[in-house]
Amino acid sequence: MGEIRADQHQLVVFFEGAEVSRQMLVEEFESVLDGFVPLVDYSGRRCQCAFLLVNPDLSADAAVFFHLNFDVSGRPDLHWNTPIKQLASQANTEHSLGSSVRIASYSNCSIAWHQQKLWEPFPEQLEALERCIKENRLGLGELNRQHSLTSEIPALHIDEGEAPLVLTSLASHVQSDLDEPVLEKQRKAFEQQINLQQLELAKLRDQNSDLKLQLKHLENRFQKSIYDTVSQTIEQREVKWQAKLRQAKLYIQQQAKQIKDLESELDQGLDDSHSDQSSQLKQLQARGVKLQVDHPGIGAVHIPYDELVDYLAAPLVYVANLCGVSAEVYGAWLKHRHKPRCQGFDEAGSICNMPINAVRELAEFVPGRSDFCIRHQCQGESKESLA
């Protein structure tokens, strides 16, 4: 494990494919993370970045290859928390970038839960990173080299009281040429960078205010639109369900009326011929004649003489009881078996009447499903799920 020394330079570079597209000191990178300096050219992208530790002699000491996501405004992910300095300190040493370097990447991560935040560089990217360090466009170590040059001039170490005047003047001239222009250039560069950042910050504040107003306006429009849409949908569904409920009630009333009419007809017929039939039935019973009828769903049925009146009064009810179902279910199955068509109602209130497959076995018949087409079956399931 290696610690970060005070004399080491810390910088962050951005890759664009196999080339380095941007480089900055770690202080500037921290300003980017704080959102003060958005990088609009990286808007909505996931960038491949590298954190570097560079020695005073411009040799690489450590490298951490990490991902950084940017939003549409060019600001980095607020939840980014990759400990790049810790990873650099704990990384394993490899021979790369022209020397022995500690490297942390996807395949070489000392902290397992941070592995997904790293990426694996390929050789062309390592070569580009090595060129970047050698080119030294950030001017790393220039002041150190200048102080080193002045310390190597012998005349500068001679006591002024003893040194010849010409050497003292020469040392003063060399010191002035080495320090003042460079410092002034750097000061102006820093002032220019601060001014640009302040202008950018003011511009971003204005944009932020405008975006907040636009966002508020959009939120109001969105809420009203959602409310109107939901209300309209609820009203439409309520109208449809009320129509279907009326259709179902009408269907039940029609079925009940048909059954009542059939029962009335049977009662009338029984009353008119009751006396004659009774004498005839007694004669048949005395002769050992058995009464047998055939009905779909149950086949041949023997009717006892003492149940004959019940059978004749309501044959469907009698047979339905023997089959273990209600008269309505049995009647609906007979109708379906004779003419297998959909009994669901369309939006106009008419029976669908679409041909469907017949269910030949009474035990497999389910009213409201077996006598419905696929579309009305799906509507029925949707209604049950809503209920």
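Worth a mention:
- Each Lys or Arg adds one and each Asp or Glu takes one away; over the other residues whose Cβ falls under 11 Å from the Cβ of Phe70, this sums to 0.
- Positive minus negative residues near Ala300 (Lys, Arg vs Asp, Glu; Cβ under 15 Å): 0
- The lysines whose alpha-carbon is closer than 22 Å to the alpha-carbon of Lys203, local same-chain residues fewer than 8 away aside, are Lys212, Lys216.
- Gain in span if fully extended, Arg221 to His67, counting 0.36 nm per residue against the direct Cα distance: 51.8 nm
- Highest average packing first - 226-235, 296-305, Cβ atoms within 10 Å: 296-305, 226-235
- The portion of the accessible surface of region 13-103 made up by carbon and sulfur, rounded to a whole percent, is 48 (1.4 Å probe; DNA, RNA and ligands excluded).
- The distance separating the Cα centre of region 90-139 from that of region 320-356 comes to 76 Å.
- Cα gyration tensor shape for region 48-138, rounded if a/c is under 1.5, else prolate or oblate: oblate
- Per residue value of the accessible surface for region 217-359 (all protein chains in place, 1.4 Å probe), Å²: 73
- Cβ-Cβ distance of Arg5 and Arg45, R₀ of 30 Å, FRET efficiency by 1/(1 + (r/R0)^6): the value works out to about 0.35.
- Enclosing the Cα atoms of region 84-129 in their convex hull gives a volume equal to 74 cubic angstrom per residue.
- Cβ-Cβ distance of Arg237 and Cys352, R₀ of 22 Å, FRET efficiency by 1/(1 + (r/R0)^6): the value works out to about 0.65.
- According to the Cα-based calculation, Rg over Rh for region 294-387 is 1.08, with Rh computed by the Kirkwood formula.
- Between Asp206 and Glu135, the contour length at 0.36 nm per residue exceeds the Cα-Cα span by 21.7 nm.
- Percentage relative contact order, region 1-78, counting C-alpha pairs under 8 Å, at least six apart: 32
- Available extension along the chain between Ser100 and Gln197 is 31.2 nm, counting 0.36 nm per residue and deducting the alpha carbon span.
- Note on Ala286 and Leu266: their simple-model spin labels are 2.9 nm apart, each label 7 Å out from Cα toward Cβ.
- Efficiency of FRET between Val293 and Glu361 - r from beta-carbon atoms, R0 25 angstrom, step 0.05: 0.80
- Cα gyration tensor, region 206-343 - rounded (a/c under 1.5), prolate or oblate: prolate
- Neighbour net charge for Asn321 - beta-carbon separation under 13 angstrom, K R +1, D E -1: -3
- Residue ranges 111-121, 59-69, 196-206 sort as 59-69, 111-121, 196-206 when ordered by packing (mean number of other C-beta atoms within 10 Å per residue, highest first).
- Alpha carbon centroid spacing (whole Å) that separates region 196-264 from region 21-84: 45
- Prolate/oblate/rounded label for region 3-48 (Cα gyration tensor, a/c 1.5): oblate
The values are calculated or read from the model by the stated rules, or taken from the named source; none is laboratory data. Treat the numbers as computed from the prediction; the structure is a model and nothing was measured. Backbone-built Cβ (ideal geometry, glycine too); neighbour counts: all protein chains shown. The protein model used for the area step is the full one, side chains on, heavy atoms only, and it has no ligands, DNA or RNA in it. Shrake-Rupley method; radii C 1.70, N 1.55, O 1.52, S 1.80 Å.
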